[in-house]
Amino acid sequence: MTNNDIVQKLWNLCDVLRDDGINYSDYVTELVLLLFIKMIHENTEAGTLKKHPLPEGCRWSDINGKSGINLLNDYKRILLSLSTGRDSDGTLVHDDPLISAIYADAQTRLREPRHLEQMIKTLDQIDWFSAQKDGLGDLYEGLLEKNANETKSGAGQYFTPRALINTMVRCLKPQAGEHIQDPAAGTAGFLISAHEHIKSQTDDLYDLTAHEKAFQANRAFVGIELVPGTRRLALMNCLLHGMEGDDEGVVHLGNALGQAGAGLEKADVILANPPFGTSKGGDASITRDDLTYKTSNKQLAFLQHIYRNLKPGGRAAVVLPDNVLFEAGVGTDVRRDLMHKCNLHTILRLPTGIFYAQGVKTNVLFFTKGSAADKYQEENCTKNVWVYDLRTNMSNFGKRTPFGEPHLKPFETVYGEEPSGQSPREEGEYSFHSDKIELPEHSDENEGVDPRLAHSRWRSFSRQWIADHKGDSLDISWLKDSDSVDAANLPEPSVLAGEAMGELVQALGEMDTLMRELGAEEEADGARVLLREVMGGVEQ
(Lines give C-alpha, C1' and ligand atoms only; values in the text may rest on other atoms or scores of the structure.)
Protein backbone atom coordinates (compact mmCIF):
# COMPACT_ATOMS: atom_id res chain seq x y z
CA MET A 1 0.00 0.00 0.00
CA THR A 2 1.18 3.51 -0.77
CA ASN A 3 0.84 6.31 1.75
CA ASN A 4 -1.97 7.77 -0.36
CA ASP A 5 -3.80 4.44 -0.17
CA ILE A 6 -3.42 4.36 3.60
CA VAL A 7 -4.53 7.98 3.98
CA GLN A 8 -7.68 7.21 1.97
CA LYS A 9 -8.35 4.12 4.08
CA LEU A 10 -8.01 6.21 7.24
CA TRP A 11 -10.26 8.90 5.82
CA ASN A 12 -12.90 6.29 5.03
CA LEU A 13 -13.20 5.73 8.79
CA CYS A 14 -14.99 9.06 8.87
CA ASP A 15 -18.03 7.18 7.60
CA VAL A 16 -17.98 5.21 10.86
CA LEU A 17 -17.74 8.42 12.87
CA ARG A 18 -20.65 9.94 10.98
CA ASP A 19 -22.76 6.87 11.78
CA ASP A 20 -22.09 7.61 15.45
CA GLY A 21 -23.41 11.15 15.10
CA ILE A 22 -20.02 12.89 15.18
CA ASN A 23 -19.82 16.21 13.32
CA TYR A 24 -17.68 16.53 10.22
CA SER A 25 -15.51 19.18 11.86
CA ASP A 26 -14.60 16.74 14.66
CA TYR A 27 -13.59 13.84 12.40
CA VAL A 28 -9.84 14.34 12.45
CA THR A 29 -9.61 15.06 16.18
CA GLU A 30 -11.60 11.91 16.97
CA LEU A 31 -9.59 9.85 14.52
CA VAL A 32 -6.12 10.97 15.60
CA LEU A 33 -6.75 10.36 19.32
CA LEU A 34 -6.97 6.67 18.45
CA LEU A 35 -4.54 6.74 15.52
CA PHE A 36 -1.72 8.23 17.60
CA ILE A 37 -1.93 5.35 20.08
CA LYS A 38 -1.63 2.94 17.16
CA MET A 39 1.30 4.85 15.62
CA ILE A 40 3.19 4.90 18.93
CA HIS A 41 2.63 1.14 19.08
CA GLU A 42 4.01 0.68 15.56
CA ASN A 43 7.03 2.90 16.26
CA THR A 44 7.71 0.99 19.47
CA GLU A 45 7.50 -2.35 17.67
CA ALA A 46 9.89 -1.08 14.97
CA GLY A 47 12.34 0.20 17.59
CA THR A 48 12.19 3.77 16.28
CA LEU A 49 10.59 5.29 19.40
CA LYS A 50 13.30 6.03 21.94
CA LYS A 51 11.39 8.41 24.24
CA HIS A 52 7.84 9.22 25.32
CA PRO A 53 6.32 5.72 25.25
CA LEU A 54 2.73 5.46 26.36
CA PRO A 55 2.36 4.15 29.93
CA GLU A 56 1.23 0.64 30.77
CA GLY A 57 -2.52 0.32 30.67
CA CYS A 58 -2.77 3.02 27.98
CA ARG A 59 -1.33 1.18 25.01
CA TRP A 60 -2.75 -0.33 21.85
CA SER A 61 -2.63 -3.80 23.41
CA ASP A 62 -4.94 -2.55 26.16
CA ILE A 63 -7.81 -1.98 23.72
CA ASN A 64 -6.98 -4.24 20.81
CA GLY A 65 -9.11 -7.36 20.80
CA LYS A 66 -11.71 -6.04 23.22
CA SER A 67 -15.36 -5.38 22.42
CA GLY A 68 -18.59 -4.08 23.85
CA ILE A 69 -19.08 -1.56 26.61
CA ASN A 70 -15.87 -2.66 28.31
CA LEU A 71 -13.90 -1.54 25.26
CA LEU A 72 -15.51 1.89 25.19
CA ASN A 73 -15.09 2.37 28.95
CA ASP A 74 -11.43 1.31 28.80
CA TYR A 75 -10.82 3.75 25.93
CA LYS A 76 -12.38 6.62 27.87
CA ARG A 77 -10.22 5.66 30.87
CA ILE A 78 -7.09 5.68 28.70
CA LEU A 79 -7.82 9.15 27.32
CA LEU A 80 -8.37 10.48 30.84
CA SER A 81 -5.14 8.90 32.10
CA LEU A 82 -3.09 10.22 29.18
CA SER A 83 -4.56 13.69 29.71
CA THR A 84 -4.17 14.02 33.47
CA GLY A 85 -1.38 11.53 34.18
CA ARG A 86 -3.59 9.79 36.72
CA ASP A 87 -6.15 7.02 36.72
CA SER A 88 -9.75 7.56 37.83
CA ASP A 89 -8.80 6.62 41.41
CA GLY A 90 -5.96 9.17 41.46
CA THR A 91 -3.15 6.67 40.94
CA LEU A 92 -0.17 8.17 39.06
CA VAL A 93 -0.02 6.68 35.57
CA HIS A 94 2.67 8.81 33.98
CA ASP A 95 4.51 12.10 34.48
CA ASP A 96 5.39 12.89 30.85
CA PRO A 97 4.39 16.54 30.22
CA LEU A 98 4.50 16.08 26.43
CA ILE A 99 2.01 13.19 26.48
CA SER A 100 -0.20 15.21 28.83
CA ALA A 101 -0.04 18.16 26.43
CA ILE A 102 -0.91 15.97 23.44
CA TYR A 103 -3.95 14.51 25.20
CA ALA A 104 -4.97 17.65 27.11
CA ASP A 105 -8.75 17.58 27.68
CA ALA A 106 -9.05 14.64 25.27
CA GLN A 107 -12.37 12.81 25.27
CA THR A 108 -14.22 10.71 22.77
CA ARG A 109 -17.66 11.49 21.39
CA LEU A 110 -18.18 7.88 20.34
CA ARG A 111 -21.31 6.35 21.86
CA GLU A 112 -21.47 2.94 20.16
CA PRO A 113 -18.78 0.39 21.18
CA ARG A 114 -19.18 -1.38 17.83
CA HIS A 115 -17.99 1.73 15.98
CA LEU A 116 -14.85 1.94 18.11
CA GLU A 117 -14.26 -1.76 17.56
CA GLN A 118 -14.65 -1.30 13.80
CA MET A 119 -12.09 1.52 13.80
CA ILE A 120 -9.59 -0.56 15.79
CA LYS A 121 -9.97 -3.51 13.42
CA THR A 122 -9.48 -1.26 10.39
CA LEU A 123 -6.28 0.21 11.86
CA ASP A 124 -5.00 -3.31 12.53
CA GLN A 125 -5.62 -4.28 8.89
CA ILE A 126 -3.41 -1.50 7.48
CA ASP A 127 -0.03 -2.50 6.06
CA TRP A 128 2.05 -0.60 8.61
CA PHE A 129 5.27 -2.12 7.28
CA SER A 130 4.72 -0.19 4.05
CA ALA A 131 3.86 2.95 6.00
CA GLN A 132 7.05 2.65 8.06
CA LYS A 133 9.21 2.82 4.93
CA ASP A 134 8.08 6.39 4.23
CA GLY A 135 7.75 7.29 7.89
CA LEU A 136 4.61 7.42 10.00
CA GLY A 137 5.09 11.17 10.32
CA ASP A 138 4.65 11.59 6.57
CA LEU A 139 1.53 9.42 6.70
CA TYR A 140 0.14 11.60 9.46
CA GLU A 141 0.97 14.72 7.42
CA GLY A 142 -0.97 13.23 4.52
CA LEU A 143 -4.02 12.77 6.71
CA LEU A 144 -3.88 16.39 7.89
CA GLU A 145 -3.58 17.59 4.31
CA LYS A 146 -6.49 15.39 3.27
CA ASN A 147 -8.60 16.95 6.00
CA ALA A 148 -7.61 20.49 5.01
CA ASN A 149 -8.47 19.86 1.37
CA GLU A 150 -11.96 18.60 2.19
CA THR A 151 -13.97 21.82 1.88
CA LYS A 152 -16.82 20.45 3.99
CA SER A 153 -14.58 20.07 7.02
CA GLY A 154 -13.84 23.76 7.43
CA ALA A 155 -10.54 22.75 9.05
CA GLY A 156 -7.28 24.16 7.80
CA GLN A 157 -9.07 27.15 6.31
CA TYR A 158 -5.78 28.58 5.19
CA PHE A 159 -3.81 25.36 4.94
CA THR A 160 -0.45 26.16 3.33
CA PRO A 161 0.16 23.92 0.30
CA ARG A 162 3.01 21.50 0.96
CA ALA A 163 4.77 22.55 -2.25
CA LEU A 164 4.83 26.19 -1.14
CA ILE A 165 6.12 25.28 2.33
CA ASN A 166 8.96 23.27 0.81
CA THR A 167 9.88 26.07 -1.61
CA MET A 168 10.04 28.64 1.19
CA VAL A 169 12.24 26.29 3.23
CA ARG A 170 14.55 25.53 0.31
CA CYS A 171 14.98 29.26 -0.35
CA LEU A 172 15.87 30.10 3.28
CA LYS A 173 17.96 26.97 3.79
CA PRO A 174 17.70 26.50 7.57
CA GLN A 175 20.85 25.01 9.08
CA ALA A 176 21.63 22.80 12.04
CA GLY A 177 22.26 24.90 15.15
CA GLU A 178 19.83 27.67 14.16
CA HIS A 179 16.77 28.73 16.13
CA ILE A 180 13.76 28.28 13.82
CA GLN A 181 10.33 29.62 14.68
CA ASP A 182 6.75 29.79 13.45
CA PRO A 183 4.53 32.17 15.47
CA ALA A 184 1.37 30.80 13.81
CA ALA A 185 2.34 27.13 13.74
CA GLY A 186 -0.95 25.42 12.81
CA THR A 187 -0.11 21.73 12.48
CA ALA A 188 3.64 22.56 12.32
CA GLY A 189 4.11 22.12 8.58
CA PHE A 190 6.86 24.75 8.29
CA LEU A 191 8.80 23.48 11.29
CA ILE A 192 8.65 19.88 10.11
CA SER A 193 9.73 20.82 6.58
CA ALA A 194 12.68 22.76 8.03
CA HIS A 195 13.55 19.73 10.18
CA GLU A 196 13.44 17.41 7.17
CA HIS A 197 15.59 19.84 5.14
CA ILE A 198 18.25 19.88 7.87
CA LYS A 199 18.16 16.08 8.05
CA SER A 200 18.76 15.89 4.30
CA GLN A 201 21.79 18.16 4.64
CA THR A 202 23.34 16.26 7.57
CA ASP A 203 22.88 12.64 6.50
CA ASP A 204 19.79 12.22 8.68
CA LEU A 205 21.59 14.13 11.50
CA TYR A 206 24.35 11.47 11.50
CA ASP A 207 27.02 14.13 10.91
CA LEU A 208 26.10 15.96 14.12
CA THR A 209 27.61 15.49 17.57
CA ALA A 210 25.49 14.20 20.45
CA HIS A 211 25.18 17.76 21.78
CA GLU A 212 24.10 19.05 18.37
CA LYS A 213 21.54 16.26 17.99
CA ALA A 214 20.07 17.11 21.39
CA PHE A 215 19.76 20.76 20.33
CA GLN A 216 17.94 19.78 17.14
CA ALA A 217 15.51 17.55 19.03
CA ASN A 218 14.77 19.86 21.96
CA ARG A 219 15.66 23.49 21.25
CA ALA A 220 16.00 24.19 17.52
CA PHE A 221 12.28 24.52 16.74
CA VAL A 222 9.58 26.53 18.49
CA GLY A 223 6.06 27.28 17.35
CA ILE A 224 3.12 29.11 18.85
CA GLU A 225 -0.48 28.01 18.26
CA LEU A 226 -3.60 29.64 19.66
CA VAL A 227 -6.13 26.82 19.15
CA PRO A 228 -5.75 23.86 21.56
CA GLY A 229 -7.10 21.27 19.11
CA THR A 230 -4.73 22.39 16.37
CA ARG A 231 -1.82 22.41 18.79
CA ARG A 232 -2.65 18.80 19.69
CA LEU A 233 -2.30 17.84 16.03
CA ALA A 234 0.97 19.77 15.80
CA LEU A 235 2.48 18.03 18.85
CA MET A 236 1.55 14.61 17.50
CA ASN A 237 2.94 15.55 14.10
CA CYS A 238 6.25 16.74 15.55
CA LEU A 239 6.74 13.72 17.80
CA LEU A 240 6.11 11.33 14.91
CA HIS A 241 8.84 13.21 12.99
CA GLY A 242 11.31 12.86 15.88
CA MET A 243 10.92 16.45 17.14
CA GLU A 244 10.38 16.60 20.91
CA GLY A 245 10.89 20.22 21.90
CA ASP A 246 11.05 21.38 25.52
CA ASP A 247 8.66 20.39 28.32
CA GLU A 248 5.80 22.06 26.42
CA GLY A 249 6.69 20.30 23.19
CA VAL A 250 7.77 21.97 19.96
CA VAL A 251 4.55 23.96 19.64
CA HIS A 252 3.48 26.00 22.65
CA LEU A 253 -0.13 26.90 23.35
CA GLY A 254 -0.59 30.65 23.33
CA ASN A 255 -1.00 33.85 21.37
CA ALA A 256 2.02 35.16 19.49
CA LEU A 257 0.37 38.59 19.57
CA GLY A 258 0.27 38.36 23.37
CA GLN A 259 2.82 37.48 26.01
CA ALA A 260 3.64 34.09 24.47
CA GLY A 261 5.10 35.92 21.48
CA ALA A 262 6.77 38.64 23.52
CA GLY A 263 8.67 35.99 25.49
CA LEU A 264 10.21 34.22 22.50
CA GLU A 265 13.97 34.45 22.10
CA LYS A 266 15.37 35.91 18.89
CA ALA A 267 15.34 33.60 15.88
CA ASP A 268 17.71 32.84 13.02
CA VAL A 269 14.85 31.75 10.76
CA ILE A 270 11.12 32.49 10.87
CA LEU A 271 8.66 30.79 8.52
CA ALA A 272 4.97 31.57 8.86
CA ASN A 273 1.53 31.83 7.32
CA PRO A 274 -0.33 33.98 9.88
CA PRO A 275 -4.13 33.74 10.09
CA PHE A 276 -5.95 36.17 7.81
CA GLY A 277 -8.47 38.75 8.95
CA THR A 278 -8.82 41.32 11.69
CA SER A 279 -8.82 40.74 15.40
CA LYS A 280 -12.35 40.08 16.65
CA GLY A 281 -13.59 42.72 19.04
CA GLY A 282 -11.09 45.31 17.90
CA ASP A 283 -7.57 44.60 19.11
CA ALA A 284 -8.59 42.47 22.11
CA SER A 285 -6.40 39.54 21.03
CA ILE A 286 -3.43 41.79 20.21
CA THR A 287 -2.12 42.58 23.68
CA ARG A 288 1.55 43.16 22.87
CA ASP A 289 2.80 46.49 24.19
CA ASP A 290 6.15 46.21 22.40
CA LEU A 291 4.77 46.57 18.86
CA THR A 292 5.38 50.09 17.58
CA TYR A 293 2.31 50.39 15.37
CA LYS A 294 -1.01 49.55 17.02
CA THR A 295 -3.48 47.81 14.72
CA SER A 296 -6.40 45.36 14.71
CA ASN A 297 -5.06 43.86 11.46
CA LYS A 298 -3.55 40.59 12.63
CA GLN A 299 -1.25 40.23 9.62
CA LEU A 300 0.30 43.66 10.22
CA ALA A 301 0.77 42.76 13.88
CA PHE A 302 2.32 39.38 12.98
CA LEU A 303 4.60 41.04 10.44
CA GLN A 304 5.87 43.45 13.09
CA HIS A 305 6.47 40.56 15.49
CA ILE A 306 8.39 38.61 12.84
CA TYR A 307 10.85 41.27 11.71
CA ARG A 308 11.37 42.49 15.28
CA ASN A 309 12.08 38.94 16.51
CA LEU A 310 14.86 38.17 14.01
CA LYS A 311 18.47 38.15 15.07
CA PRO A 312 20.82 40.44 13.09
CA GLY A 313 21.22 38.64 9.77
CA GLY A 314 18.19 36.44 10.53
CA ARG A 315 15.96 35.60 7.60
CA ALA A 316 12.22 35.19 7.20
CA ALA A 317 9.62 34.10 4.67
CA VAL A 318 6.00 34.92 5.49
CA VAL A 319 2.73 34.44 3.58
CA LEU A 320 0.60 37.60 3.60
CA PRO A 321 -2.58 38.69 1.80
CA ASP A 322 -2.57 41.51 -0.74
CA ASN A 323 -4.07 44.05 1.65
CA VAL A 324 -0.85 44.08 3.69
CA LEU A 325 0.97 45.25 0.56
CA PHE A 326 -1.25 48.26 -0.12
CA GLU A 327 -3.20 49.10 3.07
CA ALA A 328 -2.82 52.79 3.92
CA GLY A 329 -2.24 54.36 7.33
CA VAL A 330 -0.67 51.88 9.72
CA GLY A 331 -0.05 49.53 6.81
CA THR A 332 2.21 52.10 5.17
CA ASP A 333 4.02 52.72 8.48
CA VAL A 334 4.68 49.00 8.98
CA ARG A 335 5.98 48.53 5.41
CA ARG A 336 8.32 51.51 5.76
CA ASP A 337 9.57 50.19 9.10
CA LEU A 338 10.13 46.75 7.58
CA MET A 339 12.14 48.15 4.66
CA HIS A 340 14.00 50.42 7.08
CA LYS A 341 15.10 47.69 9.51
CA CYS A 342 15.32 44.76 7.07
CA ASN A 343 16.38 44.01 3.55
CA LEU A 344 13.08 43.13 1.88
CA HIS A 345 14.74 41.54 -1.11
CA THR A 346 12.02 39.37 -2.67
CA ILE A 347 8.24 39.23 -3.11
CA LEU A 348 6.52 36.21 -4.66
CA ARG A 349 3.02 37.00 -5.94
CA LEU A 350 1.09 33.75 -5.55
CA PRO A 351 -1.69 32.46 -7.81
CA THR A 352 -5.28 32.60 -6.63
CA GLY A 353 -7.10 29.38 -5.76
CA ILE A 354 -4.24 27.63 -3.95
CA PHE A 355 -5.74 28.17 -0.50
CA TYR A 356 -8.99 26.86 0.95
CA ALA A 357 -10.37 30.42 0.86
CA GLN A 358 -10.52 30.76 -2.91
CA GLY A 359 -10.87 34.52 -3.09
CA VAL A 360 -7.78 35.28 -1.00
CA LYS A 361 -4.84 36.71 -2.96
CA THR A 362 -1.52 36.13 -1.24
CA ASN A 363 2.19 36.78 -1.47
CA VAL A 364 5.36 35.55 0.18
CA LEU A 365 7.69 38.23 1.55
CA PHE A 366 11.35 37.23 1.94
CA PHE A 367 13.54 39.49 4.07
CA THR A 368 16.65 39.52 6.26
CA LYS A 369 17.40 41.60 9.37
CA GLY A 370 19.88 44.35 8.53
CA SER A 371 21.24 45.23 5.10
CA ALA A 372 22.99 43.09 2.51
CA ALA A 373 26.30 44.72 3.49
CA ASP A 374 25.90 44.83 7.27
CA LYS A 375 23.60 42.59 9.30
CA TYR A 376 23.80 45.05 12.22
CA GLN A 377 22.55 47.97 10.12
CA GLU A 378 19.26 49.32 11.48
CA GLU A 379 18.34 52.02 8.95
CA ASN A 380 17.64 52.13 5.19
CA CYS A 381 18.36 48.41 4.80
CA THR A 382 16.29 47.77 1.66
CA LYS A 383 17.85 48.96 -1.60
CA ASN A 384 16.02 46.86 -4.21
CA VAL A 385 12.94 44.64 -4.13
CA TRP A 386 12.71 41.79 -6.62
CA VAL A 387 9.18 40.70 -7.54
CA TYR A 388 8.18 37.40 -9.15
CA ASP A 389 4.64 37.41 -10.58
CA LEU A 390 3.32 33.85 -10.39
CA ARG A 391 -0.26 35.08 -10.49
CA THR A 392 -0.98 36.77 -13.82
CA ASN A 393 -1.93 34.45 -16.69
CA MET A 394 -1.67 31.34 -14.54
CA SER A 395 -4.03 28.38 -14.41
CA ASN A 396 -7.02 28.37 -12.09
CA PHE A 397 -5.73 26.04 -9.43
CA GLY A 398 -7.96 23.76 -7.42
CA LYS A 399 -8.68 20.08 -6.92
CA ARG A 400 -8.74 19.40 -10.67
CA THR A 401 -5.61 21.46 -11.34
CA PRO A 402 -3.43 21.06 -8.24
CA PHE A 403 -0.72 23.58 -7.47
CA GLY A 404 2.64 21.87 -7.12
CA GLU A 405 6.41 22.13 -7.11
CA PRO A 406 6.77 22.35 -10.93
CA HIS A 407 4.96 25.71 -10.81
CA LEU A 408 7.38 27.01 -8.16
CA LYS A 409 10.62 25.65 -9.59
CA PRO A 410 11.26 28.65 -11.93
CA PHE A 411 10.97 30.98 -8.93
CA GLU A 412 13.45 28.91 -6.92
CA THR A 413 15.86 29.10 -9.86
CA VAL A 414 15.80 32.89 -10.11
CA TYR A 415 15.82 33.28 -6.30
CA GLY A 416 19.28 31.74 -6.29
CA GLU A 417 21.33 29.66 -3.88
CA GLU A 418 22.04 32.41 -1.35
CA PRO A 419 19.39 32.13 1.42
CA SER A 420 19.52 35.86 2.19
CA GLY A 421 18.54 36.64 -1.40
CA GLN A 422 21.95 37.98 -2.43
CA SER A 423 22.75 35.60 -5.29
CA PRO A 424 23.50 37.34 -8.62
CA ARG A 425 20.15 38.09 -10.24
CA GLU A 426 19.12 39.21 -13.68
CA GLU A 427 15.74 40.50 -14.79
CA GLY A 428 14.15 38.42 -17.48
CA GLU A 429 12.69 34.92 -17.32
CA TYR A 430 10.62 35.65 -20.43
CA SER A 431 7.49 33.60 -19.92
CA PHE A 432 5.36 35.37 -22.52
CA HIS A 433 5.47 36.31 -26.19
CA SER A 434 5.38 40.08 -26.46
CA ASP A 435 3.18 40.01 -29.56
CA LYS A 436 0.42 38.21 -27.64
CA ILE A 437 0.34 40.20 -24.41
CA GLU A 438 -0.78 43.79 -24.08
CA LEU A 439 0.78 46.11 -21.55
CA PRO A 440 -1.42 48.00 -19.10
CA GLU A 441 -1.90 51.61 -20.14
CA HIS A 442 -0.29 54.34 -18.00
CA SER A 443 1.82 51.87 -16.09
CA ASP A 444 4.57 53.39 -13.94
CA GLU A 445 6.11 49.92 -13.68
CA ASN A 446 6.68 49.77 -17.46
CA GLU A 447 7.58 53.37 -18.17
CA GLY A 448 10.85 53.47 -20.15
CA VAL A 449 11.41 49.72 -19.66
CA ASP A 450 12.74 47.33 -22.28
CA PRO A 451 9.58 45.68 -23.73
CA ARG A 452 11.06 42.26 -23.08
CA LEU A 453 11.30 43.02 -19.36
CA ALA A 454 7.78 44.40 -19.41
CA HIS A 455 6.60 40.90 -20.31
CA SER A 456 8.77 39.07 -17.79
CA ARG A 457 7.62 37.57 -14.51
CA TRP A 458 10.86 38.61 -12.76
CA ARG A 459 11.56 42.31 -12.15
CA SER A 460 13.55 44.51 -9.79
CA PHE A 461 12.35 47.83 -8.33
CA SER A 462 14.51 50.23 -6.34
CA ARG A 463 13.53 51.41 -2.88
CA GLN A 464 13.48 54.97 -4.20
CA TRP A 465 11.15 54.03 -7.06
CA ILE A 466 8.76 52.35 -4.60
CA ALA A 467 8.67 55.51 -2.52
CA ASP A 468 8.30 57.93 -5.45
CA HIS A 469 5.89 55.98 -7.67
CA LYS A 470 3.97 53.75 -5.26
CA GLY A 471 3.89 55.77 -2.05
CA ASP A 472 5.51 52.78 -0.33
CA SER A 473 2.80 50.40 -1.51
CA LEU A 474 4.26 47.01 -2.39
CA ASP A 475 1.34 46.02 -4.61
CA ILE A 476 3.57 46.01 -7.69
CA SER A 477 2.03 44.60 -10.87
CA TRP A 478 3.07 45.18 -14.46
CA LEU A 479 1.54 42.33 -16.47
CA LYS A 480 -1.90 42.45 -18.03
CA ASP A 481 -4.09 39.41 -17.57
CA SER A 482 -4.85 37.93 -20.99
CA ASP A 483 -8.37 37.11 -19.76
CA SER A 484 -9.07 40.64 -18.54
CA VAL A 485 -11.77 42.66 -20.28
CA ASP A 486 -11.41 46.31 -21.25
CA ALA A 487 -14.43 48.04 -19.72
CA ALA A 488 -14.37 50.68 -22.46
CA ASN A 489 -15.12 48.03 -25.09
CA LEU A 490 -17.98 46.31 -23.28
CA PRO A 491 -21.41 46.22 -24.98
CA GLU A 492 -24.34 48.23 -23.59
CA PRO A 493 -25.74 46.88 -20.31
CA SER A 494 -29.02 46.00 -22.03
CA VAL A 495 -27.13 43.82 -24.53
CA LEU A 496 -25.20 42.05 -21.76
CA ALA A 497 -28.42 41.47 -19.80
CA GLY A 498 -30.09 40.05 -22.90
CA GLU A 499 -27.21 37.65 -23.51
CA ALA A 500 -27.31 36.50 -19.89
CA MET A 501 -31.08 35.99 -20.06
CA GLY A 502 -30.72 33.98 -23.24
CA GLU A 503 -28.15 31.67 -21.65
CA LEU A 504 -30.40 31.26 -18.59
CA VAL A 505 -33.45 30.35 -20.68
CA GLN A 506 -31.40 27.81 -22.65
CA ALA A 507 -30.11 26.21 -19.44
CA LEU A 508 -33.61 26.06 -17.93
CA GLY A 509 -34.90 24.47 -21.12
CA GLU A 510 -32.29 21.74 -20.84
CA MET A 511 -33.26 21.18 -17.20
CA ASP A 512 -36.94 20.95 -18.23
CA THR A 513 -36.08 18.22 -20.76
CA LEU A 514 -34.02 16.31 -18.20
CA MET A 515 -36.79 16.44 -15.58
CA ARG A 516 -39.35 15.06 -18.05
CA GLU A 517 -36.98 12.25 -19.07
CA LEU A 518 -36.72 11.36 -15.38
CA GLY A 519 -40.52 11.19 -15.11
CA ALA A 520 -40.92 14.45 -13.15
CA GLU A 521 -43.46 16.01 -15.55
CA GLU A 522 -45.53 17.58 -12.78
CA GLU A 523 -42.50 19.27 -11.22
CA ALA A 524 -41.35 20.44 -14.65
CA ASP A 525 -44.78 22.02 -15.35
CA GLY A 526 -44.63 23.84 -12.01
CA ALA A 527 -41.13 25.14 -12.78
CA ARG A 528 -42.31 26.32 -16.22
CA VAL A 529 -45.17 28.31 -14.64
CA LEU A 530 -42.77 29.87 -12.15
CA LEU A 531 -40.37 30.77 -14.96
CA ARG A 532 -43.15 32.53 -16.90
CA GLU A 533 -44.03 34.58 -13.83
CA VAL A 534 -40.38 35.56 -13.33
CA MET A 535 -39.91 36.42 -17.01
CA GLY A 536 -43.04 38.51 -16.94
CA GLY A 537 -41.71 40.48 -13.99
CA VAL A 538 -38.41 41.03 -15.78
CA GLU A 539 -40.15 42.33 -18.91
CA GLN A 540 -42.19 44.77 -16.81
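The values are calculated or read from the model by the stated rules, or taken from the named source; none is laboratory data. All values reported here derive from a predicted model rather than from experimental measurement. Glycine gets a Cβ as well: all are built from the backbone with ideal geometry, and neighbour counts include every protein chain shown. Heads up: the accessible areas ignore ligands, DNA and RNA and are worked out on the full protein's heavy atoms, side chains in. Shrake-Rupley method; radii C 1.70, N 1.55, O 1.52, S 1.80 Å.
The set of residues in the stretch 327-337 being open to solvent by 10 Å² or more (accessible area, probe 1.4 Å) and farther than 24 Å from C171 by Cβ consists of E327, A328, G329, V330, T332, D333, R336.
For the stretch 244-254, name all the residues that are touching a strand residue (DSSP E or B) at 6+ places or on another chain (Cβ under 6 Å) and either surrounded by fewer than 24 Cβ atoms within 10 Å (Cβ to Cβ) or without any contact (Cβ under 8 Å) to a residue 60 or more places away in the chain (or both).
Result: H252, G254.
Of the residues making up the stretch 84-113, those that are touching a residue at least 40 places away in the same chain (Cβ under 8 Å), open to solvent by 30 Å² or more (accessible area, probe 1.4 Å) and more than 25 Å from V227 (Cα to Cα) are R111, E112. How many residues does the stretch 260-288 contain that are open to solvent by 30 Å² or more (accessible area, probe 1.4 Å), touching a Lys or Arg at 6+ places or on another chain (Cβ under 8 Å) and modelled with pLDDT under 95? Here the count works out to 6.
Return a yes/no flag: does the stretch 368-378 have any residue that is touching a Cys at 6+ places or on another chain (Cβ under 6 Å) and charged (D, E, K, R). Scanning the stretch 368-378 turns up at least one residue that is touching a Cys at 6+ places or on another chain (Cβ under 6 Å) and charged (D, E, K, R). Comparison of L257, L240, L233, L291 shows that the only residue that is hydrophobic (A, V, I, L, M, F, W, C), surrounded by 22 or more Cβ atoms within 10 Å (Cβ to Cβ), closer than 26 Å to G329 by Cα and out of contact with any strand residue (DSSP E or B) (no Cβ under 8 Å at 6 or more places or on another chain) is L257.
Residue check: is A101 in contact with a Ser or Thr (Cβ under 7 Å, 6 or more places away or on another chain), small (G, A, S) and modelled with pLDDT of 90 or more? So A101 does not fit the description; no. Among what's in the stretch 70-83 and is buried (at least 17 other Cβ atoms within 10 Å of the Cβ) and polar (S, T, N, Q), pick the residue that is farthest from V250 (Cα to Cα). Ranking the candidates gives S81 first. Picking from residues in the stretch 38-69 that are assigned to a helix (DSSP H, G or I) and without any contact (Cβ under 8 Å) to a residue 40 or more places away in the chain, the one that is most open to solvent (accessible area, probe 1.4 Å) is E45. Only one of the numbered conditions (1) within 18 Å of T108 (Cα to Cα); (2) not in a helix (DSSP H, G or I) is not met by W11, and that is (2). For the stretch 389-405, taking the residues that are modelled with pLDDT under 80 and open to solvent by less than 50 Å² (accessible area, probe 1.4 Å), the one that is nearest to K146 (Cα to Cα) is identified as G398. Scanning the stretch 4-37 for residues that are acidic (D, E), open to solvent by 20 Å² or more (accessible area, probe 1.4 Å) and more than 19 Å from L80 (Cα to Cα) turns up D5, D15, D19. Taking (1) within 17 Å of the chain's Cα centre (by Cα); (2) assigned to a loop (DSSP other than H, G, I, E, B) in turn, S193 satisfies each apart from (2). Just to be sure, is V364 assigned to a strand (DSSP E or B) and at pLDDT 90 or above? Criteria met by V364.
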